[in-house]
Structures are given as C-alpha cells and as structure tokens.
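Data block below; observations after.
The values are calculated or read from the model by the stated rules, or taken from the named source; none is laboratory data. The structure displayed is predicted, hence computed values, not measured ones. Using ideal geometry, Cβ is built from the backbone for each residue, glycine included, and neighbour counts are taken over all protein chains shown.
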Number of protein chains: 2
Amino acid sequence: MTRSTALHTDRYELTMLDAGLRDGTAHRRCVFEVFGRRLSGGRRFGVVAGTGRLLDAIRDFRFGDEELRFLRDNRIVDATTLDFLAGYRFTGSISGYREGEIYFPGSPLLTIEGTFAEAVVLETLALSVLNFDSAVATAAARMSVAAGDRPLAEMGSRRASEEAAVAAARAAYIAGFAATSNLEAGRRWGVPTMGTAAHAWTLLHDSEEAAFRSQIDALGTDTTLLIDTYDIREGVRTAIRVAGTGLGGVRIDSGDLPIVAGEVRALLDELGATDTRITVTSDLDEYAIAALAASPVDSYGVGTSVVTGSGAPTAGLVFKLVARAAEDGSWVPVAKASAQKASHGGRKAAFRTLDSGTATSELIAVSDGFEELATAAQFPGARPLQVPLVVDGEPDAAALGPAGVATARAHHARVREELPVRALALSKSEPALPTEYREL
Amino acid sequence: MTRSTALHTDRYELTMLDAGLRDGTAHRRCVFEVFGRRLSGGRRFGVVAGTGRLLDAIRDFRFGDEELRFLRDNRIVDATTLDFLAGYRFTGSISGYREGEIYFPGSPLLTIEGTFAEAVVLETLALSVLNFDSAVATAAARMSVAAGDRPLAEMGSRRASEEAAVAAARAAYIAGFAATSNLEAGRRWGVPTMGTAAHAWTLLHDSEEAAFRSQIDALGTDTTLLIDTYDIREGVRTAIRVAGTGLGGVRIDSGDLPIVAGEVRALLDELGATDTRITVTSDLDEYAIAALAASPVDSYGVGTSVVTGSGAPTAGLVFKLVARAAEDGSWVPVAKASAQKASHGGRKAAFRTLDSGTATSELIAVSDGFEELATAAQFPGARPLQVPLVVDGEPDAAALGPAGVATARAHHARVREELPVRALALSKSEPALPTEYREL
C-alpha cells in the first residue's frame, strides 16, 4: 500500500463504528446521501467535481499497520473494531451525479449503500473531496461564463494548500478553464499546463531588455513577456524591440486593467504588433472578468478567487443517513428534525426536466424502499442524473484518472448548455431551477 | 523516495530556470523574501503557521523519474535543465519567523538565500503551505481570543480538501485550539483528537434511547451525547435517564444557540446533572463564539469557519526577489515598481519593539548588503523575530514533526500575551502595530 486515506476521518465515525459493532447495529444495511441544503454564496447553480478523485481515495481507504497502531495506542477503538478495520474494504455501491454535472439544492449527488459500518467511515473523506472540488468548479464555471470565448488559465496554486491546489486546477479545468500553471495537475490529471514569467525574472537581470532577450532565446518569440515590472509603456516598447512584431503575448499583472489593457493594445498596434496577445492576471474574479468584456484582452489568468471558490470556499454538502434496514429487514426512511437543518428521508431518483432542450426543474422522486425507485420511463423527456459509480466495491474505471477528467469536462460543457439564460447571470440570487420532490 | 513535492510548482518557475541556466543568471546568488503586503480580511494581526510542514516539504522537493519524465515528455524544459533538476537539492539557507509567531504587513516571514536556480523553484510550494496554514491559524487565534478559557475543538475536515484538512487541524491547534476531530492530524502531528456522535447514530437505532444506551455502553458515561436529532428537551431527558446525572456532556448542533443553551442548562440542572457539560457546534465563527460568552456553554466545536479562514481563506503572502548578486559579486537590492504592488528591496532584520512587555511596533531594518544586517544590540529591548530555519540545506530538526507543533503552540501562546489589548478586538481594523522601516 503506497498511501492510505483511512485516517482522513473524523474520530466520531470510528467511535460510532465501535459502539455499533458492540450492539450489532453496525451491520444494518444503510443508505447515506450526499447533498447540499442550499447553494453556497447565492449561486444560481452548482457544479459537481471531485468524483473521480473520491473513487480513487475510496480505493485507498485501507487501514495499514501505521493507521492501526495509532488507533490502538490512542485507545480510540477496541480490539474488535481494530480487527474489523484491518480487513476493511468498501464492498457496497455508490451511485451519483456524473462529475461535471450541474446541481441544485437537494440534488442527491451521491447515494451510498452498504452496511452502517462500511459506509459511515467514508463521511469525512467524501465530503472533503466533494466540498472543496465542487466549490472551485462552481466558481470556475461562473468565470468561464463571464469570459465567453476567451481562454482562462488557473494560476492560484500559491493561494491554496499544496494538495488542494492540484485538486483546484483539476476542478477548474472540468468547469471550463483551458489550462493551469500547476505542474502536478498536469502530471496527475492531464490538465494542460502554461506559464509566463515572474517579476523576479526581470529583477534578476541587469535590465528588463536582458531579461526579455533571454526569455525569447530560451522559449521563442511566441512566449508571453511580463511588462509591468518597471514602466508598462517602456516595457511594451522594449518587448517589441527585442522580440519583433511577432511576439506572442504580453502579460499585465497590475494597475487599472480596463484602462491599462486599452493603452497597451493601442501601443502594440502602433508598434505594428497587431497579433501580439494581451493576458491579464491581477486579482481577477468573475466580476472583474465580466468588466473586461469590452476591453482588448485575449486571455485571463485567475489565481486566488478560483482556488478559494470566489467567496464560497466550500460547497456546504452534507452526508446524511436517509434510510436503514429495520430488524425485520424492511426499509425505514429516516431524517432528523433539527431546527433549520431538517432533511428528506428515503432513497431518491433525480431527473432534470427539460422543455425544448432547456432545463426547467430538478425533479427528485423519493421512495421509501429500494425496489420502487423511479425510472426515466416515468418522466418522459427528463434526463436521469444518476449513474453507477461504484458497484459492489468496484469503481467505474471510466471515471478515474485523466480520462475521467476529460469526460467530466466534456459533460460539463454539454449540460451547461441546457441551463436557462437566467442561470448565467453573476449576481446573487435564488437557484436557477426549482427543486421539486415527488413522493412515490 | 516515498513522495516528491517537486511538481507542486508553477510551470513558469521551471521555464525561468531553463532560460536562466542558458544565460548564466540562474547561478546568481539571490535573496527571496516571503511577506504580506497587508493582513487579509481587515485582521489586526496575523499568525505564522506551516513552517514545520514547509521544511519537511522542501526536504522532499526532489525530482524523481516520474517527475522528470513528465517534464521531458511535455517539453517543459530542455535536457540541461532536466539534468540540473535530477540532481536538485536545496543547499541554501532560510531564516524566518518562528512558527506560531505573530506578524504584520511587511514582516519578512521567510528569507531564502541561494542561487536563483535553487530558490526560485520553491516559490509555489512555500506560498501554498504558508498562505493556507497562516490563514487558518490567524482565524483560529481570533476564535481562541473570543472563547477565552473555554476549550475549542476543530471539526471542519469535511469542509476542506482532505490534505488541507490535516494542515488546518494542525494550524488551529498551534493558534490555541485544544483538539481536532481529524485522526490523521493526530497521527501525523500529535494533535489531540476528540469526537462525539453524528445524527446518523441516533437515526440508525430504533429509538434515541437505544442509541444513547449503546454509546454509553461503549464509551462510558463521560461521553458526549448529541441531543438534537428529534426534540431537544426530550433528548436531554432521555440522555439523563439513560446515563444518569454523571453524564459527561451533551452536544447541541442546531437552533438559536444562546437561547437553546440556556434552556438545556436549566433542564440539566433541574434533572440534577449539574456537572454535565454543554458543547455547541452549529456554524460557529469568532463572532458567534463571542456572542455566546454569557451563555452557559462549556466548549465549542468549530468547523467551516476555521478551516476556511473565516472569510479570509488565504493569507495573501507573496514570494519576492529582494536582492541579487551583480556580475562583480556585489549585492543589488531589487524591487518592482508596479502600481499598487510596489515592494521594499534589500535584506531585512525584523524586531518587535516592546514597552513594559507590551508590543509597540514591527521594526524592519533594511540593509542593501549582507554584512551590515541589523542586530538586536542596535535595538535594546526589542525582540528579534527571525531564527535560522534551514542552514546550508539542513532544516532545523526542532521545527519538524509533532515536537515542532508543540513548540509552535507554546510560542504562539507566549507572544500573543505581548499584544496590546486593541489587537484582540474582533472588528475589522488597521493592523494593531505599525510597521516601521529603518534604512541602514
């Protein structure tokens, strides 16, 4: 075993398991569900991301010697539970929304079926992955809408924890970004990588001209030169003097971007560099991108705002028990009644209803038991939203690795087209589609 | 090599390296600095965290076969650079603020000295670690101030990416939290772990009473029972009926907490459970904690807000070249002049001036060269803030692992005592201490 994800777990999951093995309830069949009560940050839609990462992480959810020793030495669980964990492997089934899918409040993003013992321990891991990745993908999709046809590069690794940065690059790519600066995301997930140069590069050299010349020598004239270390207008002149009018691009990382971009474009054109592209990268978010729509900008680099979910750094998804087997084997739908946090018990089938190709609602059919789950045939024209992700412990191979990322990106682009126009506005609002429950 | 952190790197660092090896500037001696231009979120002080993690990660910053193959296959750097990277090991020196230290705008949290080649590649890794961990520690310190003597538990793993969650638990502990729910943080960093039970535990059972009885059987009467799955008052009565008046604690996870906590306390007392503690856990942040100061609450569990930096999810630290060797070996202080992003060139020595034990300013002495760095003797009564962290490539062993975390936590508690009272208010404001530069 190269890595274990087993202790990415809140302690209470293992102590509940411990008590449940003692009283026998840990062996009851259960259905857990991952959903959000609302869309964080007044968003009009959410984007599911992290699914492929989660399936990987569940495969690596195994308790090795180090993990067991920690639990034993700290007396977190008893010997019976340690034995159970030593042999742990998730053998249940998971269905859910495809990675890249759009979601709304109440959408059953994951439905996990198995014994209480095998399912309850996945709560923290599942939520950690989906909450972060979906928050980033949701923010990224808004930026992608704002950018229109202009490409977006994710450059925020330095503003997220180091592994989160890799996940963020992956999630942003799924939601429509074209590339990332993060090399590990390139290696691990096949996300295209890009880069320009830092101010340190210019400062390292005896002059801006020397820095530009060296970069051109190494990377060719199609590279992008950073022109705002000293004086921007002088930087543009130097760049074209060194590279010629065939220079690929210039990057602006400071100043009042709509004004500066216009000035730089005019100067480039005046110098004959009419094909030299302008990329801007200074503290952009979806609103700043939208405000640049009329400016002569060719591409955007986005950092902090995308990796931190642009004001909504977690999707707020929860992992709740919605049904369990009773002593006699029959299914009991369950839900807590806590103030402001009530949830819908029962197993659910989810559909997106469409009218002439445009989405009209999130339809959630709730059934008490297992056999009577709603099928697509009952809702003609509606698109079923759930697919099998893990069957008897085996993850869907197509959802894993770089291929899974590519599929998710394509799926997202396709389903975003179904959204009504009002979903694409950036202002805070209610969800763009109503969630409708049908009791079966 | 068990893991490599080498590709937690933005592509431009390696292409700058590539060009710099070609023109020879990559071998120039450089001084890079990590600092923040401002305190994110209108905070009155910042808390440094992540240093011990970073030293570990720098040790693992080695390019193995997989990393080199990716760079070669994707033509990111040329053969000369691949050779350089294959032998890469950071051999320079790093000094900086102790982990747990308080900081202000301009504080030189890290000073990295080495060739451009060996230092520039650490930019993304250093910022990823310090920006996230410091954002969490800064938020956690505010919560710790608001909680006073009542213990805080970090329970936000599910609202942060899975590895970030471990880092967050560690950072919150350094900044004054007493424990975490995250088991991996316990195993890896020695953070005390805790937990109660989830609503799923109650819902799994045929009755709330059965769930409570089972938990008591497994964990003893000193455990904490979650009482708000159905009706809170009924939950309290059931809890005391099952556990007796010696019940350790009850947890409230919903409702209007100041009111509910008062009602629960009154009922517990009425039932004779006067020593049963109350822990509350519903969407708390530093403001909600402060608002509960007069309520009969014994401890707090904090989730989302602490792991997302309570509105400031990144510390906004930057990594900038501040000095480099010229052709003749002399030192040249450097700084960019970009609009709104100007920085201070030169190497810095930092001190906290004190008056009768209370901090009065962040004093930053700037020197053009190396030899003339300011020393404590020049500022009597001021506390020097920088210590050696890496010397000729060797990390300070005392800063690593669980021992480093314990030291950082103790250091933080000590230096927080130096802050003037105005630093401890929660409202947005200017930094509590002025940053004063002295040119030497």
Kindly indicate whether any position in region B:389-399 is farther than 22 Å from B:Val34 by Cβ and assigned by TED's automatic domain parsing to the domain that holds B:Ala126.
no
Is it fair to say A:Ala218 is crowded, with 24+ Cβ neighbours inside 10 Å and hydrophobic (A, V, I, L, M, F, W, C)?
no
Kindly indicate whether B:Arg170 is facing chain A (nearest Cβ under 7 Å), of a type in the set (Lys, Arg) and either surrounded by 24 or more Cβ atoms within 10 Å (Cβ to Cβ) or over 16 Å from A:Leu127 (Cβ atoms) (or both).
no
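Taking the stated definitions as given, is A:Leu247 touching a residue at least 24 places away in the same chain (Cβ under 8 Å), assigned to a helix (DSSP H, G or I) and of a type in the set (A, V, I, L, M, F, W, C)?
Working: touching a residue at least 24 places away in the same chain (Cβ under 8 Å): yes; assigned to a helix (DSSP H, G or I): no; of a type in the set (A, V, I, L, M, F, W, C): yes.
Criteria not met by A:Leu247.
Select from region A:109-133 the residues that are in contact with a His (Cβ under 8 Å, 6 or more places away or on another chain) and among the β-branched types (Val, Ile, Thr) and write down the one among them that is surrounded by the fewest Cβ atoms within 10 Å (Cβ to Cβ).
Step one: list which residues in region A:109-133 are in contact with a His (Cβ under 8 Å, 6 or more places away or on another chain), which gives A:115-117, A:124-125, A:128.
Adding the requirement that they be among the β-branched types (Val, Ile, Thr) leaves A:115, A:124.
Working: A:Thr115: 18, A:Thr124: 27.
So the residue we want is A:Thr115.
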Could you give every pair whose Cβ atoms fall below 6 Å, whose first residue belongs to region A:91-117 and is not assigned by TED's automatic domain parsing to the domain that holds A:Lys348 and assigned to a loop (DSSP other than H, G, I, E, B), and whose second residue is among the acidic types (Asp, Glu) and buried (at least 24 other Cβ atoms within 10 Å of the Cβ), counting only separations of at least 6 or pairs across chains?
none
So A:Ile216 passes all but one of these: (1) assigned to a loop (DSSP other than H, G, I, E, B); (2) farther than 30 Å from A:Gly401 by Cβ; (3) more than 7 Å from chain B (Cβ to nearest Cβ). Which condition number does it fail?
(1)
Would you call B:Val306 surrounded by 22 or more Cβ atoms within 10 Å (Cβ to Cβ) and either in contact with an Asp or Glu (Cβ under 9 Å, 6 or more places away or on another chain) or within 9 Å of chain A (Cβ to nearest Cβ) (or both)?
yes
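Within region B:159-179, which residues are hydroxyl-bearing (Ser, Thr, Tyr) and in contact with a Phe, Trp or Tyr (Cβ under 6 Å, 6 or more places away or on another chain)?
First, pick out the residues of region B:159-179 that are hydroxyl-bearing (Ser, Thr, Tyr): B:161, B:173.
Within region B:159-179, just B:Ser161 meets the criteria.
A quick yes/no check of all residues on (1) assigned to a helix (DSSP H, G or I); (2) within 11 Å of chain A (Cβ to nearest Cβ); (3) touching a His at 6+ places or on another chain (Cβ under 7 Å):
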position	(1), (2), (3)
B:Ala6	no, yes, no
B:Glu13	yes, yes, no
B:Leu21	yes, yes, no
B:Gly52	yes, no, no
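Looking at B:Ala211, B:Ala198, B:Ala141, which one is under 23 Å from B:Gly311 (Cβ atoms) and either touching a residue at least 12 places away in the same chain (Cβ under 8 Å) or within 13 Å of chain A (Cβ to nearest Cβ) (or both)? Spell out how you get there, then give the answer.
Working: B:Ala211 fails: under 23 Å from B:Gly311 (Cβ atoms); B:Ala198 fails: under 23 Å from B:Gly311 (Cβ atoms).
Going through B:Ala211, B:Ala198, B:Ala141 in turn, just one is under 23 Å from B:Gly311 (Cβ atoms) and either touching a residue at least 12 places away in the same chain (Cβ under 8 Å) or within 13 Å of chain A (Cβ to nearest Cβ) (or both): B:Ala141.
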Looking at (1) in contact (Cβ under 8 Å) with a residue 12 or more places away in the chain; (2) not assigned by TED's automatic domain parsing to the domain that holds A:Ala406, can you tell me which one A:Glu163 breaks?
(1)
All but one of (1) among the hydrophobic types (A, V, I, L, M, F, W, C); (2) within 24 Å of B:Gly92 (Cβ to Cβ); (3) buried (at least 18 other Cβ atoms within 10 Å of the Cβ); (4) modelled with pLDDT of 95 or more hold for B:Ala359; which doesn't?
(2)
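Give A:Phe84, A:Phe63, A:Phe70 a once-over and let me know the one that is closer than 30 Å to A:Asp133 by Cα and either more than 9 Å from chain B (Cβ to nearest Cβ) or without any contact (Cβ under 8 Å) to a residue 24 or more places away in the chain (or both).
Working: A:Phe84 fails: closer than 30 Å to A:Asp133 by Cα; A:Phe70 fails: either more than 9 Å from chain B (Cβ to nearest Cβ) or without any contact (Cβ under 8 Å) to a residue 24 or more places away in the chain (or both).
The match here is A:Phe63.
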Number of positions in region A:173-195 that are more than 8 Å from chain B (Cβ to nearest Cβ), in a loop (DSSP other than H, G, I, E, B) and either among the β-branched types (Val, Ile, Thr) or in contact with a helix residue (DSSP H, G or I) (Cβ under 8 Å, 6 or more places away or on another chain) (or both):
6
